[in-house]
Amino acid sequence: MPSLGLNKTWQRLLSIGSKKHGDDQPRGIDRIDSSFGDEAWNESGISVTEPGAEPQTYAIPDTSQLDGHVRLSRLRYKPLNEAKDDIRILNIISEPGDEHIRCILQHFSCSHKYPDYTALSYCWGTLVDAVSITVDGAPVSVTANLAAALRSLRANGHSHIWVDALCINQNDQIERGQQILRMKAIYRHAATTIAWLGPDSKNQADTAFTRLKILATRKPEADFEGAIAALFTGYTAWRNDAGWSSIKTLMEFAYWKRTWIIQELALSRSVLFWWGQSSLPLDTLDTAMANLRDRKPKDYFESGYKDILYLLIIVGKTRNKRGRESKGMNLERILTFSCRSLASEPRDKIFGVLGLSSDGSELIPNPDYRKPLDTILRELTISMLRRQDSKSKVGPSDLICIDNPTVPKRQELPSWTIDWTRIWKGPAGNFWASSVERGLQSGYLASGKSNANPRFSEDGITLTVRGYVLDRVCSLSAVYLIGGDKPKPFLSKGTPGSTVEHALAQNVYGGEGDLFNAIWRSLIADRIAHKKSELSTAQAPSSYGSHFAHLWSEDSKRPKGERLRLTYDCLAAVKSFEIYGRTLEDWSRFTTSSSDLVERSVDYDEISVQDFGASRSSTRFEPNAMEFIYACKFRDMFHRRLLTTRKGYVGLAHAQSQIGDTICVLEGCTIPMILRPCDRGFRLVGDAYVHGIMNGEYWQAQPLSSIQEFDLK
């Protein structure tokens, strides 16, 4: 490590800073203003920012802009030289064991070489228990958690630290945006990253880390099996187990919910979790959580468990391993997996993961904290829609249907904008934002192989697309939604619509058998269930019709699994919905010529099969509702309504749909879209499934001369 020597100015600073707080001497900048000159900040062999620019003094900032973790009091920042790739490093100059923390900020030009330093990843805490430290001779209030981290780092030989709260001028919005673009390099060039979980006030760290090491190695085998057995012996029993109880405490840390840690962990060469005096490598935690996930903990397991899992999914897919460059994830996928993370500055939910994404610099080349969040959301959507990716499995324009279906769209935002703020606030944001779960990778070709050609107004408010009007919504079923402060399902009533009656003999699908097929296929969007986040593009086999016929039979039982039960309840809520004069329950009793014995078409996991009391080893069994409900579960029967159209089509509609809404097929969209007329255009409601047109049948039958433009507001 090159010498990080101190010049005479800082030697004078040290002598001043060593005075006790009780001394009558003036402290901080009051004392050193007269002697602070334009000398070089560092005399090491590494290039240091040259003086010349006037240091800036800032007032106390609004703590809401700083994640509430630091309050600067007359701290002076010299501007960073972007041309020389400048960064600041916090040098802890107080002795190990000193109660009061004294530091200086040093500038380094990294255009040719980075200094040796440790990066800190931590959770800010609150300023309720603020601790005063000294930085460049000025008093700075930081949270007790940050102060404890700095004190622990110094005690363990880490004196040169990069910490965002102090090394970035949080009052300079331009600098904040510029430093975001440097985060990738800053963490990758750190000798190590210390992920500080907090002090070990209850002496649980060793117990928790020992249990995680056992889960990771599966050794000793007896201890591993004993730990797993304790987890499944019941809620009270596993809570009384010391190992699991300590892991419960670990999972409750607010650290796991912080947006910025995703990037910090994924970009670092080496990561150690510190909890008090105990440490655990990132790879050990990753393996332990993977082995735990394979055992499928019950629903009552700690909520932090999912926070850590989603974090590790992103880290695993974006982190370089064994010197090999990771292919990474695109920004849309990272925003999907990070929905559960938190940031007091909402823009950080996007800016905080840009360095991880494979396309972040293309979509948002210049993060700008001066822009309102709604402007950032709109411009990000525009960038996504304009990009033509020939390898993408998603229609370029399908992205506009990603939303929170439980609430109406915000009127102040263009309806085609992906409103991540609504998705983040919902109880199932990672599900709603997933292009897989929303059916955008299901192999549909509603608009054939047409290419998207979106156009935007000069003010970026109106999106113009081409397409055809298919029909209007005639009737809608009830739908279960999940929402509220304590998310739970609630039923939103359906609307029967007009008195238009469709004659069975003249239905758009042909005979009654064809209509029966259209109905049950619509319930599952005509696809089989998917596994392991890979949505199947395979059409549902005809045997599913037999399963649908047993949905409300006398021997049908409500499944045991929570989400399967809710899916069953969703189906029960719509069984009185009428299609062509018959209720859905009546249609389930429609007689077909299918064999009473059908083959299983999907290899379900053991827990799912046990939920229905079926034998896992059986390859043929009597028809029951299991496969059908399982497929409905993965087609998100929550938040979708059964629909009929004026022409007699059946399908699924977005939860916010209304009678009279227009169903359109738009260029570049693999699925139909529901639009609602508004002043000088249309508002986008959401996506739809309409049986009989999902493979381009309607699109290909329309003459090009009749294509029209839709102005989406």
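Here's a check for you: in the stretch 88-105, which residue that is in contact with a Lys or Arg (Cβ under 7 Å, 6 or more places away or on another chain) and part of a strand (DSSP E or B) is nearest to ALA149 (Cα to Cα)?
Per the stated criteria, the residue is ILE92.
So for the stretch 238-257 (the condition being of a type in the set (Gly, Ala, Ser), under 22 Å from SER338 (Cα atoms) and open to solvent by 10 Å² or more (accessible area, probe 1.4 Å)), does at least one residue qualify?
yes
I need every pair where a residue in the stretch 651-664 that is in contact (Cβ under 8 Å) with a residue 60 or more places away in the chain has its Cβ under 7 Å from the Cβ of a residue that is aromatic (Phe, Trp, Tyr), sequence separation at least 6 or different chains.
GLY651/TYR689; LEU652/TYR689; CYS664/TYR468; CYS664/PHE710
Does the stretch 362-377 include one or more residues that are modelled with pLDDT of 90 or more, closer than 27 Å to SER152 by Cβ and either part of a helix (DSSP H, G or I) or more than 17 Å from the chain's Cα centre (by Cα) (or both)?
The answer is no, given that none of the residues of the stretch 362-377 is modelled with pLDDT of 90 or more, closer than 27 Å to SER152 by Cβ and either part of a helix (DSSP H, G or I) or more than 17 Å from the chain's Cα centre (by Cα) (or both).
Considering only residues that are open to solvent by 10 Å² or more (accessible area, probe 1.4 Å), under 16 Å from THR287 (Cα atoms) and in a helix (DSSP H, G or I), which ones fall in the stretch 193-224?
Passing the criteria: THR210, ARG211, LYS213, ILE214, ALA216, THR217, GLU221.
Show the residue pairs meeting these rules: Cβ distance below 7 Å; 6+ apart or different chains; first residue within the stretch 371-383 and free of Cβ contacts under 8 Å to residues at least 24 places away in the same chain; second residue open to solvent by less than 40 Å² (accessible area, probe 1.4 Å).
Matching pairs, first to second residue: SER383/LEU363.
Among ILE314, ILE350, ILE334, which is the only one that is over 15 Å from LEU267 (Cα atoms) and either assigned to a helix (DSSP H, G or I) or modelled with pLDDT under 90 (or both)?
So the residue among ILE314, ILE350, ILE334 that is over 15 Å from LEU267 (Cα atoms) and either assigned to a helix (DSSP H, G or I) or modelled with pLDDT under 90 (or both) is ILE350.
For the stretch 565-587, does any single residue satisfy the condition of being in contact with a Cys (Cβ under 6 Å, 6 or more places away or on another chain) and either surrounded by fewer than 13 Cβ atoms within 10 Å (Cβ to Cβ) or modelled with pLDDT of 55 or more (or both)?
Yes, some residue in the stretch 565-587 is in contact with a Cys (Cβ under 6 Å, 6 or more places away or on another chain) and either surrounded by fewer than 13 Cβ atoms within 10 Å (Cβ to Cβ) or modelled with pLDDT of 55 or more (or both).
Hey, which of the helices (runs of 4 or more DSSP H) in the stretch 233-272, taking only ones fully inside, have at least 2 residues that are of a type in the set (Gly, Ala, Ser)?
242-251
Of everything in the stretch 332-350 that's within 9 Å of the chain's Cα centre (by Cα) and open to solvent by 30 Å² or more (accessible area, probe 1.4 Å), which residue is farthest from CYS401 (Cα to Cα)?
Only one residue tops the list, namely ARG340.
Among the residues of the stretch 155-178, count how many are closer than 13 Å to ILE92 by Cα and outside any loop (DSSP other than H, G, I, E, B).
The number of residues fulfilling the criteria is 6.
Every residue in the stretch 158-192 that is at pLDDT below 95, surrounded by fewer than 17 Cβ atoms within 10 Å (Cβ to Cβ) and of a type in the set (Gly, Ala, Ser), please.
Answer for the stretch 158-192, where residues must be at pLDDT below 95, surrounded by fewer than 17 Cβ atoms within 10 Å (Cβ to Cβ) and of a type in the set (Gly, Ala, Ser): just ALA185.
Table: residues versus (1) crowded, with 19+ Cβ neighbours inside 10 Å; (2) of a type in the set (Ser, Thr, Tyr); (3) modelled with pLDDT of 90 or more; (4) at negative phi.
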| position | (1), (2), (3), (4) |
| --- | --- |
| THR421 | no, yes, yes, yes |
| LEU445 | no, no, yes, yes |
| LEU463 | yes, no, yes, yes |
| LEU470 | yes, no, yes, yes |
| VAL473 | yes, no, yes, yes |
| ILE482 | no, no, no, yes |
| PHE490 | no, no, no, yes |
| THR495 | no, yes, no, yes |
| THR499 | no, yes, no, yes |
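The values are calculated or read from the model by the stated rules, or taken from the named source; none is laboratory data. The model shown is predicted, which means the values in this text are computed figures rather than measured ones. A quick note on method: Cβ atoms are made from the backbone with ideal geometry, for glycine too, and the neighbour counts reach across all protein chains shown. Protein only, heavy atoms only, side chains kept; ligands, DNA and RNA dropped before computing areas. Shrake-Rupley method; radii C 1.70, N 1.55, O 1.52, S 1.80 Å.
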